Amino acid sequence: MRRRAAAVISALWFVFAPGLIAGVVPWWITRWRAGDGWLAALPARVVGLALIVAGTVVLLGAFARFVVEGAGTPTPLAPTERLVVGGLYRHVRNPMYLAVVAVIVGEALLLARPVLLGWAAVMLAAFAAFVAGYEERVLVARYGAAYEAYRRAVPAWWPRRRAWHQGTAGERDGTGPAAS
């Protein structure tokens, strides 16, 4: 896929998928009206804002990585030509899904709206079911042994401390594809 087309499709997908899940639905639930209670404390709001910013940065970086490293998009309609395993993908297999959940949790804290914590939990469960029931099967079929090695080395949901490295360096330190 041409990089320009991949960038345009990725930008549209960014607005559609994360924009809907972490933008439109939380707005629909809260109308961006802040609540009160323990979540309304300044430290909770600061943490919330930090999660929103961090989650957005991670999402933008991951979307860009799909275009540049993968020569494709995050949408199943225009998948990558190459398996994306760089950047944060060296620590966790699903940084995009985790980033979306982080944004929603951040909104819950910033707005002091616990109902959004419920929405974040629903989305995390939906993402986990989608990954287990569809995405991993597709990735194995598309990338075969390369994805299997990556899946063995990099956790799906809890980031590993040390970055996984493909090839010789990863095999030397016991974290690469040869590690079981």
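What to note about this one:
- Of the residues making up the range 105-134, those that are in contact (Cβ under 8 Å) with a residue 12 or more places away in the chain and within 22 Å of residue 91 (Cα to Cα) number 8.
- Scan of the range 141-167 for residues that are farther than 20 Å from residue 88 by Cα and either part of a loop (DSSP other than H, G, I, E, B) or in contact with an Asp or Glu (Cβ under 8 Å, 6 or more places away or on another chain) (or both), ordered by number: 144
- Checking residue 59 against (1) modelled with pLDDT of 95 or more; (2) over 26 Å from residue 112 (Cβ atoms), the condition it does not meet: (2)
- The set of residues in the range 136-147 that are surrounded by 14 or more Cβ atoms within 10 Å (Cβ to Cβ) and without any contact (Cβ under 8 Å) to a residue 40 or more places away in the chain comprises 136, 140.
- Qualifying positions in the range 27-51 - surrounded by 14 or more Cβ atoms within 10 Å (Cβ to Cβ) and either farther than 16 Å from residue 103 by Cα or touching a Phe, Trp or Tyr at 6+ places or on another chain (Cβ under 9 Å) (or both): 29, 35, 40, 44
- Contact annotation: residue pairs with Cβ atoms under 8 Å, 6 or more positions apart or on different chains, pairing a residue in the range 1-20 that is outside any helix (DSSP H, G or I) with a partner that is surrounded by 16 or more Cβ atoms within 10 Å (Cβ to Cβ) and among the hydroxyl-bearing types (Ser, Thr, Tyr), are 1/73.
- Residue list for the range 53-87, restricted to those being crowded, with 17+ Cβ neighbours inside 10 Å, aliphatic (A, V, I, L, M) and in a helix (DSSP H, G or I): 58, 59, 62, 67
- For beta carbons closer than 9 Å, sequence separation of 6+ or different chains, a first residue in the range 32-48 that is on the phi < 0 side of the Ramachandran plot and in a loop (DSSP other than H, G, I, E, B) and a second that is basic (Lys, Arg) and surrounded by 11 or more Cβ atoms within 10 Å (Cβ to Cβ), the qualifying pairs are 33/113; 34/45; 34/113; 35/113.
- Residues satisfying the stated conditions in the range 88-120, i.e. within 12 Å of the chain's Cα centre (by Cα) and assigned to a helix (DSSP H, G or I): 88, 89, 95, 96, 97, 98, 99, 100, 101, 102, 103
The values are calculated or read from the model by the stated rules, or taken from the named source; none is laboratory data. What you are looking at is a predicted structure, and each value in this text was computed from that prediction instead of being measured. No Cβ is skipped: glycine too gets one built from the backbone with ideal geometry, and neighbour counts run over all protein chains shown.
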